[in-house]
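Below is one structure, written out as structure tokens; comments come after it.
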Amino acid sequence: MNKRNLTKGLSYLILFLGALIMLIPFLWMVDTALKTAPETVQTPPTWFPKHWQFNNFVLAFKAAPFITYFINSIIVTFLTTLGQLVTTILAAFAFAKLNFFGKRPLFLICIGTMMIPGEILIIPNFVTLSHLHLINTYGALILPWLASVFSVFTLRQTFMSISDELYYAAKIDGSSDWNFLWNIMVPLSKSSIIAIVILQIIGSWNSFMWPLIVTNTDNLRTLPVGLSTFTSDAGTEFQLLMAASTIIIVPIIIVYILLQKHIIEGVSKAGLKA
Amino acid sequence: MDVRFEHVSLAYANKQTNILTDINFKIPAGQLTCLLGPSGCGKSTTLNLISGLLEPTKGQIFFGDKDVTRLDALERKVGMVFQSYALYPHMTVLENICFPLRMAKMAKAEMLKRATELAQLVHVDAELTKKPGELSGGQQQRVAIARALAKSPSILLLDEPLSNLDARLRVEMRDEIRRIQKETGVTTIFVTHDQDEAMHIADQIMILNNGTIQQFAAPNTIYAQPQNLFVAKFIGNPVINTIALNDHHRTDFVKLVPKDILAKATTLAIRAESIVPINSVDTLTHPFSGIQLETYQFGPEVTTQIAYHGVPITSNQFNTHTWVNNQHPIPFELHKNGYFLCDSNDNVIWPLKEPLVVTR
């Protein structure tokens, strides 16, 4: 074996180990979903179920109105992602290419809010929404997430890397700021935008604390909150919790796989000279 | 359409420094005019004022008889080619050329017809479905010109369009721009810092420095009758020789230049190409002589350094046959229109201005 093969082998080994570390929790989730209740808490734990319990998926699904949760999750994820995308693109454009009074201080204030931990905002946001009589509505689930400073900051950096000459060229070609943004800036920033969308979909789909706090009826709960059905004073039914988790994680994986192609495309395009 | 500036000034927001100070000119319609000057002289700024991307602090800008000072780039109907070409990387060549037409909401069939015609004019009709990234620099440049011409602009502006090209392609594109300008007859304003480029391409050259116009004339006039030392130095290759006059020099010029002018002159500027050898060893009958210092040959070019009253000057008219003993002074003469005398304000005071007919 020569030196190059050795290096290659080593890097594959490292990649394999990394992938394994990432995958084990997933595999453990699926594994647990197929066990019986006693086996989930058995010591020492078993790697593979003794009796495969596919029925767990059916039981889990029947334990709570998951269809409702599923629909709610989709509505909330879709609207927050879409809303956030629009505000992000507009704000990033303004911060990157337009000149207006107070642009710099405003941007610094926005960036400053990134230093505030999300947990601190839970109570003020809750109070605000209750004053607006929005608690236990879709409004409460969606409204606070319609803007993300992190996304604005990320996209602004991408927009700033697009040359000013393109902006002037478009101006001279008769394009308004609005046309320039949607015809030129957005297509050119596709990869960043898709990355932002993926992050937002995952964040929104998985968010637990906020939906738990602002909703108190079944018909508004989202999937992650729904999972708490399996935890009661008497303990947690791990096999059902994991079965349900397996089901709800599928859409995210599908979204990721679908958009992943675009990310790679975006990155390889950015490599060409423009 | 002609372009006229009346008392145009531009200052930065803090009003401390003027980028352009009281600029007045009239660029004639249907010609190719070069704005020429070193970096930071205000030539790109002048172009952006014409395009409408910048607004002047003071003064008025006219296109023809129309005051366009407060109109934006779109309303002025200018076309512009940028240094980086600024093609839209995600669109094909055809889409790029069509973009201004699409923005003007032109009907699709008409738009395609016009775009195809333009592509033919600039010779990129074979590349219509390619993206800019797949084209060479010269082809990108051609597409940029086609896009700028798409909406039949009143004025075509080019901001250092050749500076991203390699030397050979630069010459080719220079001639192409000249051809396209002649074929379309569009008033064209071309910004460059390369005097050679300007001399070859332009009908008129405007030389700028420190935000003021130094001279605005036809290329040959600028070469033959520079207004001041800056222009004389900026135009011509090799760079004109400049000599701070001392009494020895003045004595040499007594028979050539009137006394009062010679008394005012502080600087002598001599073009390298007008210092010519004389096939004679008699230094007395000729006023000019110097000691040959060094000779360099670059291909067909020979440059010779001569110490003229102790000041080294360069000539490119000595060929290798005129090698002489480098201890002995060699005589030379100056072409009549090849030297200039400047006063203490660097204005050329000799030769006196005479009307010069220049044909191109």
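The values are calculated or read from the model by the stated rules, or taken from the named source; none is laboratory data. Model, not experiment: these values are computed from the prediction. In this analysis, Cβ positions are derived from the backbone assuming ideal geometry, glycine residues included, and neighbour counts consider all displayed protein chains.
Listing for the model above:
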quantity	calculated
Test: residue in segment A:134-147 that is surrounded by 10 or more Cβ atoms within 10 Å (Cβ to Cβ), of a type outside the set (A, V, I, L, M) and in a loop (DSSP other than H, G, I, E, B)	yes
First in segment B:66-80 and facing chain A (nearest Cβ under 10 Å) and free of Cβ contacts under 8 Å to residues at least 24 places away in the same chain, second anywhere and polar (S, T, N, Q) and surrounded by 13 or more Cβ atoms within 10 Å (Cβ to Cβ), Cβ under 6 Å, 6 or more apart	B:73/B:51
Test result for residue A:240, away from chain B (no Cβ under 14 Å) and of a type outside the set (Asp, Glu)	yes
Checking residue B:26 against (1) over 22 Å from the mean Cα position of the chain (by Cα); (2) surrounded by fewer than 17 Cβ atoms within 10 Å (Cβ to Cβ), the condition it does not meet	(1)
Search result, residues across segment B:105-123 that are exposed (fewer than 14 other Cβ atoms within 10 Å of the Cβ) and under 18 Å from residue B:145 (Cβ atoms)	B:120
The listed residue being part of a helix (DSSP H, G or I), more than 29 Å from the chain's Cα centre (by Cα) and loosely packed, with under 12 Cβ neighbours inside 10 Å, out of A:43, A:7	A:7
Which listed residue, of A:55, A:99, is out of contact with any Leu (no Cβ under 9 Å at 6 or more places or on another chain) and closer than 30 Å to residue A:181 by Cα	A:99
Answer residue from segment A:49-104, given it is under 25 Å from residue A:163 (Cα atoms) and among the hydroxyl-bearing types (Ser, Thr, Tyr) and is surrounded by the most Cβ atoms within 10 Å (Cβ to Cβ) among those	A:88
Residue that is away from chain B (no Cβ under 14 Å), more than 30 Å from residue A:215 (Cα to Cα), part of a helix (DSSP H, G or I) and hydroxyl-bearing (Ser, Thr, Tyr), where the choices are A:128, A:154	A:154
Check on residue B:222, surrounded by 15 or more Cβ atoms within 10 Å (Cβ to Cβ) and either in contact (Cβ under 8 Å) with a residue 60 or more places away in the chain or out of contact with any helix residue (DSSP H, G or I) (no Cβ under 8 Å at 6 or more places or on another chain) (or both)	no
Only listed residue being surrounded by fewer than 19 Cβ atoms within 10 Å (Cβ to Cβ), basic (Lys, Arg) and in a helix (DSSP H, G or I), chosen from B:174, B:179	B:179
Candidates A:60, A:37, A:64 - the one that is at pLDDT below 90 and touching a Ser or Thr at 6+ places or on another chain (Cβ under 7 Å)	A:64
Test: residue in segment A:227-247 that is modelled with pLDDT of 80 or more, under 14 Å from the mean Cα position of the chain (by Cα) and part of a helix (DSSP H, G or I)	no
Answer from B:132, B:153 - the residue that is under 24 Å from residue B:168 (Cα atoms), touching a residue at least 40 places away in the same chain (Cβ under 8 Å) and within 12 Å of chain A (Cβ to nearest Cβ)	B:132
